[in-house]
Each structure stands twice: as C-alpha cells, then as structure tokens.
1. Tell me which residues, restricted to the stretch 35-57, are in contact with a helix residue (DSSP H, G or I) (Cβ under 9 Å, 6 or more places away or on another chain), of a type outside the set (Val, Ile, Thr) and closer than 15 Å to His252 by Cα.
2. Filter the strands (runs of 3 or more DSSP E) completely within the stretch 55-140 down to those with at least 3 residues that are surrounded by 15 or more Cβ atoms within 10 Å (Cβ to Cβ), in the same structural domain as His28 (by TED's automatic domain parsing) and without any contact (Cβ under 8 Å) to a residue 60 or more places away in the chain.
3. May I ask you to verify whether Ile163 is within 16 Å of the ligand (Cβ to nearest atom), among the β-branched types (Val, Ile, Thr) and surrounded by 16 or more Cβ atoms within 10 Å (Cβ to Cβ)?
4. Name the residue that is surrounded by the most Cβ atoms within 10 Å (Cβ to Cβ), counting only residues in the stretch 166-187 that are more than 16 Å from the ligand (Cβ to nearest atom) and among the small types (Gly, Ala, Ser).
5. Answer yes or no: is there a residue in the stretch 239-248 that is in contact with a Leu (Cβ under 7 Å, 6 or more places away or on another chain) and part of a helix (DSSP H, G or I).
6. Residues that are modelled with pLDDT of 95 or more and in a helix (DSSP H, G or I): does the stretch 249-260 have at least one?
7. Please indicate, with yes or no, whether at least one residue in the stretch 211-220 is at pLDDT 95 or above and within 16 Å of the ligand (Cβ to nearest atom).
8. It is to be established whether one or more residues within the stretch 19-29 are more than 15 Å from the ligand (Cβ to nearest atom), surrounded by 14 or more Cβ atoms within 10 Å (Cβ to Cβ) and among the charged types (D, E, K, R).
Amino acid sequence: MPTVREIEAYLYGFAPKELAADWDNVGHLLGDPEQDVKRVLVSLDITEAVAREARDGGCELIVAHHPLMNCRWHPVQSIRRDDPQGRLFMALLAGGVSCICMHTNLDAAPGGVNDILAATLGLSGVELLPGGDNICRVGTLPEPVPLREFVRHAAKALHCGGIRYADAGRPVQRVAVGGGACGEYADAALNAGCDTFLTADVKYHGFLDAAAAGLNLIDAGHFPTEDPVCAKLVSLLRDGFPELSVRKSAIHADVIRYAVGEE
Ligand SMILES: [Zn+2]
C-alpha cells in the first residue's frame with residue numbers, strides 16, 4: 001500500500017507545488033507521512049463532518065482542495081477542543097487521518113480546477129487567460145447565446161442552488177472562468193476580449209464596475225465552481241493507485257443556501 005508521502009508526491013506530479021501562490025499552504029499538512037494508506041476520502045473542504053466521515057469509513061487520508069490551515073490567514077496558537085479549528089485538528093489526529101491539500105497549484109494545473117470548470121460549461125478552444133496568473137481560463141461557445149440562457153445552462157451544469165449576475169447587455173460567446181474567488185481578474189477578461197466572466201465571491205461593486213465596462217459578470221458560487229475537481233482527484237488517485245479504495249465525500253455539500261428571489 002502507498003504511504004501518505006508517496007500519494008503526496010504523485011499528486012504533485014499532476015499539480016506541481018511550484019504552481020501554488022506564495023501565500024498558499026499546500027501538500028501534506030497533517031499526520032504521519034510514513035502512514036500506509038488503504039482508503040482515501042476526497043472532499044473540497046475538510047470539515048468536522050468530513051473528518052468524522054473519514055474516520056467512520058476507515059480512511060487513513062483525506063485529499064482536499066482547500067487547505068486545512070493557513071497560518072498566514074489564521075495563525076494557529078492553540079489546539080483546544082473548545083475552538084472549532086482545534087476540535088477539527090484533534091478529531092483528525094485522534095482518528096489517525098492524514099490530510100493532503102492541493103489548492104492554488106490545482107487551480108493552475110493543466111486539467112485542474114479551471115480546465116474542468118471550462119469543460120463543464122462546454123467551452124472549447126480553452127487556453128490560459130492572459131493576465132489571469134495561470135489560474136483563469138478563456139474559451140468560446142459554438143455560437144452566441146443570450147445571457148439568461150447561459151446562466152441557466154451554468155446553473156444546471158454546475159448544480160448551483162442560485163446564481164447572481166450582472167447583465168452588460170451582450171450575448172455570451174467568449175467566456176473567461178475562474179473557480180472560487182477570482183473577481184479581481186475581471187479586467188483581464190475584458191482585455192482578452194471576453195463578453196462574459198464566470199467566477200465566485202463577487203461583491204456589489206464588482207458587479208457594478210463590470211456591467212459599466214461591458215462585461216457580463218456571473219457569480220456561480222464558490223463550491224459549485226470548484227467542486228467538479230473532486231471527481232478528477234478521485235479518478236487520478238484510482239489511476240495511480242489501483243489498490244486504493246478512493247471515494248468522494250457523500251456528505252459534504254455547499255453550505256450556502258438560496259431563497260427564491262424575483263425572477
Ligand atoms: Zn476555493
């Protein structure tokens with residue numbers, strides 16, 4: 001059976017560490033690198049519920065997209081049961097569950113988060129978005145479609161509970177995508193001649209500025225734009241280690257709920 005260290009090295013072969021942003025925290029973040037692994041749980045995030053699911057399912061390893069911890073955002077000065085992060089670390093350590101996180105390196109990797117997002121939306125001729133820091137992609141639809149129609153298509157393809165968008169009055173054909181919080185690349189999308197940019201975590205003024213500049217801006221949600229990469233991680237691990245039992249979390253879902261708004 002492979003060790004955690006071997007599985008980390010294999011995943012870096014697909015999403016090299018050098019592709020990660022310098023503020024990021026990726027790789028094997030918790031547990032014993034020499035631990036033998038028989039069962040792996042794949043999840044976009046590592047929550048207490050996911051840690052429980054791994055332990056109850058006999059998984060020695062969780063492979064996730066978002067880092068378990070990043071001390072640049074959130075210094076870890078204590079590990080205590082009365083703190084949610086401490087409780088999570090204690091559950092993982094007590095259950096003997098290691099964690100490997102592939103974050104911005106997986107966003108940037110060929111065939112990673114953003115190539116999968118572009119493919120899921122049916123874009124073709126997909127390439128790196130100039131000025132998109134190796135993260136965002138740009139591609140085209142076979143023919144222009146009305147924005148409302150494209151938004152409905154995106155909601156279906158990405159299993160979104162709801163979508164927020166700003167309409168710049170242009171049909172959709174040349175589309176930039178950036179899974180997760182990539183709103184800062186709206187100008188790069190405009191400069192690359194895109195009519196539409198699909199990303200997540202957009203603020204009010206981001207919508208306002210994009211619409212004024214002539215760019216349709218779609219916020220399809222953080223979880224829906226990134227979760228498709230989990231299926232890729234599962235197949236990658238199964239291909240590399242046929243002896244491993246690998247499955248996606250059955251319980252982890254978008255924490256954000258949508259109430260019905262005005263159509
Ligand atoms: Zn993310």
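1. Result: Leu41, Ser43, Leu44, Asp45, Glu48, Ala51, Arg52, Ala54, Arg55.
2. Output list reads 61-64.
3. Judged against the criteria, Ile163 is not a match.
4. Ala176
5. For the stretch 239-248, residues in contact with a Leu (Cβ under 7 Å, 6 or more places away or on another chain) and part of a helix (DSSP H, G or I): absent.
6. Scanning the stretch 249-260, I find no residue that is modelled with pLDDT of 95 or more and in a helix (DSSP H, G or I), so the answer is no.
7. yes
8. Taking every residue of the stretch 19-29 in turn, none turns out to be more than 15 Å from the ligand (Cβ to nearest atom), surrounded by 14 or more Cβ atoms within 10 Å (Cβ to Cβ) and among the charged types (D, E, K, R).
The values are calculated or read from the model by the stated rules, or taken from the named source; none is laboratory data. Quick caveat: nothing in here was measured; it's all calculated off a predicted structure. Heads up, the Cβs are rebuilt from the backbone with ideal geometry, glycines too, and the neighbour counts pull from every protein chain shown.
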